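**Student:** Pasting in a structure now, in structure tokens, and then I'll have a few things to ask.
Please treat every number below as a calculation from the coordinates, not as lab data. Bear in mind the structure is a predicted one, so any value in this text is a computation, not a measurement. Ideal geometry is used to build each Cβ from the backbone, glycine not excepted, and the neighbour counts take in all protein chains shown.
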Amino acid sequence: MFQGFNPFYGGSTCGRPYEYCETFPSVHIPEQFGNEDEYLSFMVYEAAKRKYAESQNGTIGKRIEEELLRLKQKHLAGYILFIWDIISYGKETLDSPLFGPGNGNECCSVVNYLLGITAIDPIEYNLPFEKFVNGKTNHVPTIDIHIDSDSHEKFKSLVIQRYGKRIARQIWPKETTKNNTEIPENILIHRLIIADMDVDFYIPVEERLNEKTNTIERYVVEHDRDLIGKGVVEQRIVLDKDLSLLKCLLCSPFGMMDKDSIPLDDEDTYRAIWNEEVDGVSYMSNSRFKDAAKKCCPNSISELAILIALSMPMRQKVLEEYVRRHVEKKAVNYFIPEMSSVLDETHGLLLYMEQLMLLTQIVSGMDGADIESMRKALMRRRREESMNTYEPLFVDGGRGNGYPEHLLKDLYQSFWKYAAHTFSKCHYICLATTAYKIIYLSRRMSKSAIISW
């Protein structure tokens, strides 16, 4: 069982660039561990023994060690433990909640994967940790928690109850949320402010009518985002209808099983996708995806993720080019042969942000923090910063690795041309994983069972 913790934990001002030591309510730490970093390290290595055959040495061990060191340097162990705590407490307390596999950059961390915060293995999918946290990170990274519709409201209330209403308050939902085109139709978001002491100390709260309960409650209406990471955490709890459908399939008497035990290489499931048996599954029901899947016959989560990403609106030309290359399977001529280890997955097309980062590291050997800053400058079309700051770093690093200057400049120009059109691999891996599991389970249920829900 979970033991209690001190919600007023803050620690002393420590003179760090930003006071992560005062950011998070304290998770209970057993007496044998001196601090949050030691406790986090212990849990991660224990989980690694279960999930990886090789964890202490080699590539995986080095990755774990580097992530833990970076989290310690950025004073983020408390935040990771905070997320782990509320998810674990929700799993223990609620009746069969279904949490998502992740959604964004948090999936680039093997620490998050080992703690069960995400279900995406960044080693398997070649996701760089620097996209989540790097040497220049000066903010608390966002980790949204996705959950099924039955558990959404209950989990929000559970988090508030766990910390107390003076420590955790809901942010008043804006009226424009329903019309915000950036928020997909299949989700609804609760936003909470959780502080290391009374929220009123940091942010003004107002009394508003809760129409669901017809009671007057105190809400945060507006807050200064500069406070995030300095005594205040904003936590988003996302209702995901795809998870609700998956939960129905898992909880049905015809399909009861642990979602994490579903094999991701089932031939019958992929054959159903090739045959367009995907109606009702988000991101796969559109004609662009169906046509592409019929031609490409994807047989892995990685290939599904590519097709889901490219079948989104405004990406038709790139989708057609990918399908053509996939079907023809012609060899790709790269600027630099080593690029094949990153781009063969997408048949030579630069599609993912993560590919841009990995290519830069392989060719130039630039620091991970500089690579992430370069990626942002390229994607946001900041030409002066991109060309005057990062192109020289890229070219100088590549020359040091023995590559000709003219090839390096050509490669960087291709980055400038295509970077703004890249998208997040980790996000689409998550979407593909959930969609695949829905199809896997629906193939194993009778039609009468499906109709009965």
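**Student:** Would you mind checking 49/290; 62/425; 91/295; 241/290; 241/330; 91/212 for any pair whose Cα atoms are more than 29 angstrom apart? Walk me through the numbers on the way to the answer.
**Tutor:** On the way: 49/290 40 Å; 62/425 23 Å; 91/295 41 Å; 241/290 21 Å; 241/330 40 Å; 91/212 25 Å.
Those over the limit are 49/290; 91/295; 241/330.
**Student:** Please list the non-local residues whose amide H lies under 5 Å from the amide H of residue 423, H modeled 1.01 Å from N, same-chain partners needing a gap of 5 or more.
**Tutor:** 352, 353
**Student:** I need the peptides 73-85, 203-215, 287-299 ranked by packing, meaning the mean over residues of other C-beta atoms within 10 angstrom, with the highest value on top.
**Tutor:** Packing order, densest peptide first, comes out as 73-85, 287-299, 203-215.
**Student:** Near the amide H of residue 189, under 5 Å away, which other amide H atoms are found, from residues 5 or more places off or on another chain, if H is placed in the peptide plane?
**Tutor:** Amide H neighbours of residue 189, under 5 Å, 5+ apart: 239.
**Student:** Let me ask something else. Sort 43-53, 355-365 by packing, meaning the average of other beta carbons within 10 Å per residue, with the highest value first. Please report the intermediate quantities before stating the final value.
**Tutor:** Working: 43-53: 14.7, 355-365: 21.2.
The peptides rank, most packed first, as 355-365, 43-53.
**Student:** May I ask you to order 234-240, 319-325 by the average number of other C-beta atoms within 10 Å around their residues, highest value first?
**Tutor:** 234-240, 319-325
**Student:** Subtracting the Cα-Cα distance from 0.36 nm times the residue separation, let me have the gained length for residue 314 to residue 126 in nm, one decimal.
**Tutor:** Extending this stretch completely gives an extra 65.1 nm.
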